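The values are calculated or read from the model by the stated rules, or taken from the named source; none is laboratory data. Every value quoted in this text rests on a predicted model; they were computed, and no experiment measured them. All Cβ positions, even for glycine, are placed from backbone atoms using ideal geometry, and neighbour counts span all protein chains on display. Note: accessible area is taken over every heavy atom of the protein model, side chains too, but ligands, DNA and RNA are not part of it. Shrake-Rupley method; radii C 1.70, N 1.55, O 1.52, S 1.80 Å.
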Amino acid sequence: MTDDALVVVRAGALTTVQDRGRPGHAHLGVPRSGALDAPAAALVNRLVGNSPDAAVLETTLNGCSVRPRSAVVVAVGGAPGPVTVDGRPAPWGAPVRVPGGALLDIGPARSGVRGYLAVAGGVAVEPVLGSRSTDLLSGLGPPPLTDGTVLPLGRPCRPHARVDVVPHPAPPSELVLRVTLGPRDDWFTDTALRTLTRHPYAVSSASNRIGLRTEGPALERSRPGELPSEGMVLGAVQVPPDGRPVVFLADHPTTGGYPVIAVVHPADLPGAAQATPGTPVRFVAVRHRR
Amino acid sequence: MRALPVGDRALLIEVGTGEEAEALHAELLRRRATGDLSATEIVPAARTVLLDGLDAPSRLAERLVSWDIPPVPPRAEQVVEIPVRYDGPDLPDVAAHWGVDEAEVVRAHAGAEYRVAFCGFAPGFGYLTGLPREVPRRATPRTSVPAGSVALAGPYTGVYPRASPGGWQLIGTTDAVLWDPARVPAALLAPGTRVRFTPLETP
């Protein structure tokens, strides 16, 4: 095998390969997928000189360790946490040169959930339908990393950025999600609509790449019966029979049969990707843009 | 026809019947092909079509209502044939629901022509309309349904592309590959595809 590769030494709780996802295939039942905190993934790609389409690693809570076979330039971003190269502290949010055979460790997130590791040249696993993203719902793309996985790397194409510090939004201590009501808000009582936008919810530990689950008061439906299956968008706030709203994230199903009470503004979804279990969630109703 | 806003970039268009949803889907694809419509995703479903990635959903919603939508045009393309061994564990239950014998379930299922109304649940899983009679889902879903299972639920029939949990009534199995990301197209069944099931000898 070529030396342009990354050996996974410690895969961490859940580390997956992610890029900007595979939009355009929802009619075949294929989720969009892609990095949950897209701005963080784009930033680490920029720092190492990659195109925005390059694949990165997305870690969950406790980071990961990798050993490049030859010298590479990397950048770590997303959830802030310690970064070391062969045990020596290395900068977070900046390009770092890692010698061949050295151990790059991304430690547990000090705040936030998902860390991003970009390597100059990008992770070059075989694309599926135009994307290298791991899709946990339907099993497309490479499986989640395990210890010992060897990931091929692409050739670096541009010099990496020269930066001292990069701005990044802090993971939220309170997650404020702007929502527009609909398309099925008429399936809920007026009380339920008031509860959604006035009562604080909390991020549930059952959240994953498919959905941000919440804990809080159940939303009561005004009509019984089943909703025939219909198309779902990223950020849809679906209400299953237990009444607790679920915000659909990147690996969400493309159709579903539970009513969607509201849709989260796309700009607020990266915050949802970084909100730890227990974080208070407020849904704030905004009007549709005309 | 009703156009419901979905966030700032999508519309859910609701119609009265599954046939109208298929006709609207065909019309939307035609308009996207001619450049009259720009949408990232056009997702047909049971009674709706979702349009996502729109620049001006409210303007489109106003235009839509004046559209004349022709019924689904007859397709020149070939019918996809799916060979089936009718050996599913729920064949007796389906026969009991319909008040017929098992051979009649096979005749009815293999005798009809189907159309993929929409996909979902898993990549390559098509909801096929054309079943002569309905059948309820199983009261308790199975934790694992084998890939290639031919199944019925409500007004639909379909084939599980890969092993997954499922509550549909299993009436047979096929070796047909429903989903192969290395193949172009990856999905054997896309919305609008015509399908027939052909019985294989059961051992």
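Annotations for the structure displayed:
- Lone unmet requirement of (1) part of a loop (DSSP other than H, G, I, E, B); (2) farther than 21 Å from A:Pro144 by Cβ for A:Arg22: (2)
- Of B:Arg47, B:Arg2, B:Arg30, all but one fail to be touching a helix residue (DSSP H, G or I) at 6+ places or on another chain (Cβ under 7 Å) and among the charged types (D, E, K, R); the exception is B:Arg47.
- Those residues of region A:138-181 which are within 14 Å of chain B (Cβ to nearest Cβ) and either closer than 30 Å to B:Arg162 by Cβ or surrounded by fewer than 19 Cβ atoms within 10 Å (Cβ to Cβ) (or both), in sequence order: A:Ser138, A:Gly139, A:Leu140, A:Gly141, A:Pro142, A:Pro143, A:Arg178
- Flag for A:Val260 being under 24 Å from the mean Cα position of the chain (by Cα), closer than 17 Å to B:Glu14 by Cβ and facing chain B (nearest Cβ under 8 Å): yes
- The one condition in (1) away from chain B (no Cβ under 14 Å); (2) on the phi > 0 side of the Ramachandran plot; (3) buried (at least 21 other Cβ atoms within 10 Å of the Cβ) that A:Val74 fails to fulfil: (2)
- Filter result (within 14 Å of chain A (Cβ to nearest Cβ) and outside any strand (DSSP E or B)) within region B:94-125: B:Phe121
- Failed condition for A:Arg46, given (1) in contact (Cβ under 8 Å) with a residue 12 or more places away in the chain; (2) part of a loop (DSSP other than H, G, I, E, B): (2)
- Checked against the criteria, B:Thr143 counts as among the hydroxyl-bearing types (Ser, Thr, Tyr) and out of contact with any Lys or Arg (no Cβ under 9 Å at 6 or more places or on another chain).
- Selection over region B:157-203 of residues that are away from chain A (no Cβ under 12 Å), part of a loop (DSSP other than H, G, I, E, B) and among the β-branched types (Val, Ile, Thr) gives a count of 3.
- Residue in region A:203-222 that is closer than 30 Å to B:Tyr127 by Cβ and within 14 Å of another protein chain (Cβ to nearest Cβ) present: yes
- Candidates in region B:180-200 are the residues that are open to solvent by less than 40 Å² (accessible area, probe 1.4 Å) and more than 14 Å from the chain's Cα centre (by Cα); of these, the one that is farthest from B:Tyr86 (Cα to Cα) is B:Ala186.
- For region A:1-19, residues that are buried (at least 22 other Cβ atoms within 10 Å of the Cβ) and charged (D, E, K, R) total 1.
- The set of residues in region B:127-156 being assigned to a loop (DSSP other than H, G, I, E, B) and among the β-branched types (Val, Ile, Thr) consists of B:Thr140 alone.
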